[in-house]
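Following: one structure in C-alpha cells, then a few remarks.
The values are calculated or read from the model by the stated rules, or taken from the named source; none is laboratory data. Given the structure is predicted, the values throughout are model-derived calculations rather than measurements. Neighbour counts run over all protein chains shown; Cβ positions are idealised from the backbone, glycine included. Note: areas computed on protein heavy atoms with side chains; ligands, DNA, RNA excluded. Shrake-Rupley method; radii C 1.70, N 1.55, O 1.52, S 1.80 Å.
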Amino acid sequence: MTRIQLSFLALCFFAAVPALSGQKAIPSVEIKTLDGKTVNIQKYTHQSGKITILSFWATWCKPCHQELDAVMELYPEWREKYDVQMLAVTVDTQRALAKVGPMVESKGWEYIILSDANQVLQTVLNFQSIPQTFLLDRNGDVIYEHTGYLPGDEYNLEEKIKAAAAGK
C-alpha cells in the first residue's frame with residue numbers, strides 16, 4: 001500500500017470512531033423488581049423493541065423526584081406517540097427499599113420500577129451521580145445520556161426520543 005492509501009484508511013478509521021463511541025449496548029446484568037424477583041435488564045432494553053428511557057434515581061434525591069415528576073406529565077403522550085417505555089431504576093440500598101413502593105404510589109409514577117440496590121448496573125454503566133438518564137434505541141443501544149436535572153430537560157429528552165422514533 002502506498003502512503004496515500006494508508007493515510008486514507010487511517011482517516012476513514014478515525015472518522016468512524018466518534019460515531020461508534022457514542023453507542024454502547026446495555027450489558028446483561030441482573031437486577032430486581034420491587035417484589036424481589038431477579039430480572040435481566042436486557043429483558044427490557046433489548047427484547048422489548050421499544051425506545052427506552054433508563055432513569056436512575058433514589059428516594060432521597062430531590063432532583064430525581066423533580067425529573068420523574070416532570071417526565072410523568074409527558075409520559076402518557078410519549079408512550080402513545082413514540083412507543084416509549086420508562087424504566088426508573090432506584091439505587092436505594094436494601095434497607096431503604098421499603099420506602100420506594102409507597103413513594104412511587106404517592107407520586108403516581110406509571111413507570112416500570114426496578115432496583116439496583118447493589119449498584120451492579122450503575123457500576124457497569126460507569127456513572128457516579130444521579131439522576132442519570134440514558135435513552136436507548138429499539139435495539140437497546142445507548143443513543144443519549146444526561147446527568148442531573150434542570151427544569152426543561154424533559155423537552156430536550158423528548159426531542160431525542162422524537163429523533164429515535166424517526167430513525168435518525
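Just the residues that are of a type in the set (Phe, Trp, Tyr) and in contact with a helix residue (DSSP H, G or I) (Cβ under 6 Å, 6 or more places away or on another chain), please, taken from the range 91-126. The answer is 109, and nothing else. Among the residues making up the range 79-96, a single one is more than 30 Å from residue 166 (Cβ to Cβ) and in a strand (DSSP E or B): 90. Total residues in the range 116-145 satisfying the condition of being of a type in the set (Ser, Thr, Tyr) and more than 16 Å from residue 26 (Cβ to Cβ): the figure is 1. Looking only at the range 103-120, residues that are in a helix (DSSP H, G or I) and among the small types (Gly, Ala, Ser) come to 1 in all.
Within the range 129-168, if we keep just the residues that are among the hydroxyl-bearing types (Ser, Thr, Tyr) and assigned to a loop (DSSP other than H, G, I, E, B), the residue that is least open to solvent (accessible area, probe 1.4 Å) turns out to be 149. Condition first: within 25 Å of residue 155 (Cα to Cα) and open to solvent by 40 Å² or more (accessible area, probe 1.4 Å). Now tell me which residues in the range 109-120 satisfy that. The answer is 110, 112.
Just one of the numbered conditions (1) open to solvent by less than 20 Å² (accessible area, probe 1.4 Å); (2) free of Cβ contacts under 8 Å to residues at least 24 places away in the same chain is not true of residue 126: (1). If you filter the range 15-40 down to residues that are at pLDDT 90 or above and part of a strand (DSSP E or B), you find that the one that is most open to solvent (accessible area, probe 1.4 Å) is 30.
The set of residues from the range 56-65 being open to solvent by 30 Å² or more (accessible area, probe 1.4 Å) and not in a helix (DSSP H, G or I) comprises just one member, 60.
Quick grid of which residues meet (1) under 20 Å from residue 152 (Cα atoms); (2) of a type in the set (A, V, I, L, M, F, W, C); (3) part of a loop (DSSP other than H, G, I, E, B); (4) open to solvent by 10 Å² or more (accessible area, probe 1.4 Å):
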{"residue": "52", "(1), (2), (3), (4)": "yes, no, no, no"}
{"residue": "67", "(1), (2), (3), (4)": "yes, no, no, yes"}
{"residue": "70", "(1), (2), (3), (4)": "yes, yes, no, yes"}
{"residue": "98", "(1), (2), (3), (4)": "no, yes, no, yes"}
{"residue": "101", "(1), (2), (3), (4)": "no, no, no, yes"}
{"residue": "122", "(1), (2), (3), (4)": "no, no, no, yes"}
